[in-house]
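Before any comments, here is the structure.
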Amino acid sequence: MPHASPPRTPPPAAPPIATRTAGTPPRGRLLVIAALVAAVTGAAGGVAGARLSEGSEPVPAALPRVSPAPSAGLTGMSATAARVLPSVVSVESGSMGGSGFVVDGRGHILTNAHVVAGNVRATVVLSDGRRLSARVIGADDDEDLAVLEVGYPRDLTPATLGRSAELSVGEQVLAIGSPLGLSGTVTAGIVSALDREVRLGGAHRTAVQTDASINPGNSGGPLVNARGEVVGVNTAIAAGRGGGNIGIGFAIPIDRAAPIAERIIRN
């Protein structure tokens, strides 16, 4: 992916983007977006999980990158949503919850590390309502990514990964996940900015900014382009006083997330 340049200094009146901590004022804060799946209120979790072994060399991603066939009878973003929804799951782990998506035909699901919050087991709920037990095979806390594995890969539909480097500002995208426990929720928007520098996973990272509605529980779900290709992992929102969506959401670019997922799977 291209070198991520730092963002320009915002106008003085714009609220700052900062990591949410116990002492942070609510205005302009950045929230990770995991939520209790069984509740209608969200809660941000601490970043936890098994770290990758030090010194691991990154390997090229070997996840599917061929565009899926369009759904019969549907056009536009309706067809896009129909392609991707079977690949999106809800994730329940301890008291935390969020979203994820299937990345291959071997039972692997990508989500955020803060969704699993250090747990070694999780439950994934498929788009048809079936519940499968999964284990957390690894996580990269610094990048806020984790991979789950289920024992029934035939029950899963892999998503197709695109190229976040090919995104353009103004391009139409969909965010899919389980905000506030409402599984299979699809929201539409555009790419608002590329290479936006925000604090994710305990460090400053660049992210894709979108105005597609993202709320607690969307964490780990896919941001997809009009072709139905995953271009980002929905991870955080800038929130106002009420803590909900204000049209500023952030996704980890898939060009960065895919090699990390592949490395976790190989290790």
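The values are calculated or read from the model by the stated rules, or taken from the named source; none is laboratory data. Every value quoted in this text rests on a predicted model; they were computed, and no experiment measured them. Positions of Cβ are generated from backbone atoms using ideal geometry, with glycine treated the same way; all protein chains shown enter the neighbour counts. These area figures cover heavy atoms from the full protein model, side chains too; ligands, DNA and RNA do not enter into them. Shrake-Rupley method; radii C 1.70, N 1.55, O 1.52, S 1.80 Å.
Of all residues in the range 147-172, none that is of a type in the set (F, W, Y) has its Cβ atom under 6 Å from the Cβ atom of a residue that is modelled with pLDDT of 95 or more and exposed (fewer than 15 other Cβ atoms within 10 Å of the Cβ), 6 or more apart or on another chain.
Output the residue which, of all residues in the range 82-126 that are polar (S, T, N, Q) and touching a Gly at 6+ places or on another chain (Cβ under 6 Å), is most open to solvent (accessible area, probe 1.4 Å). Per the stated criteria, the residue is N119. Number of residues in the range 195-223 that are outside any loop (DSSP other than H, G, I, E, B), of a type outside the set (A, V, I, L, M, F, W, C) and at negative phi: the value is 9. Which residues, taken from the range 104-136, are of a type in the set (S, T, Y), farther than 13 Å from I264 by Cα and in a strand (DSSP E or B)? Of everything in the range 104-136, those that are of a type in the set (S, T, Y), farther than 13 Å from I264 by Cα and in a strand (DSSP E or B) turn out to be T123, S133. Kindly check whether there is at least one residue in the range 205-224 that is within 13 Å of S99 (Cβ to Cβ), among the hydroxyl-bearing types (S, T, Y) and in contact with a helix residue (DSSP H, G or I) (Cβ under 7 Å, 6 or more places away or on another chain). Yes, there is a match, as at least one residue in the range 205-224 is within 13 Å of S99 (Cβ to Cβ), among the hydroxyl-bearing types (S, T, Y) and in contact with a helix residue (DSSP H, G or I) (Cβ under 7 Å, 6 or more places away or on another chain). Checked against the criterion of being crowded, with 23+ Cβ neighbours inside 10 Å and small (G, A, S), the candidates A165, A193, A203, A159 yield just one match: A159.
Within the range 245-264, is there a residue that is open to solvent by less than 10 Å² (accessible area, probe 1.4 Å) and more than 14 Å from the chain's Cα centre (by Cα)? Scanning the range 245-264, I find at least one residue that is open to solvent by less than 10 Å² (accessible area, probe 1.4 Å) and more than 14 Å from the chain's Cα centre (by Cα), so the answer is yes.
If you go through the range 154-182 and pick out every residue that is in contact with a helix residue (DSSP H, G or I) (Cβ under 7 Å, 6 or more places away or on another chain) and not in a strand (DSSP E or B), you end up with 7. Would you pick out the residues in the range 231-247 that are over 14 Å from N112 (Cβ atoms) and modelled with pLDDT of 95 or more? Scanning the range 231-247 gives a single hit, V231.
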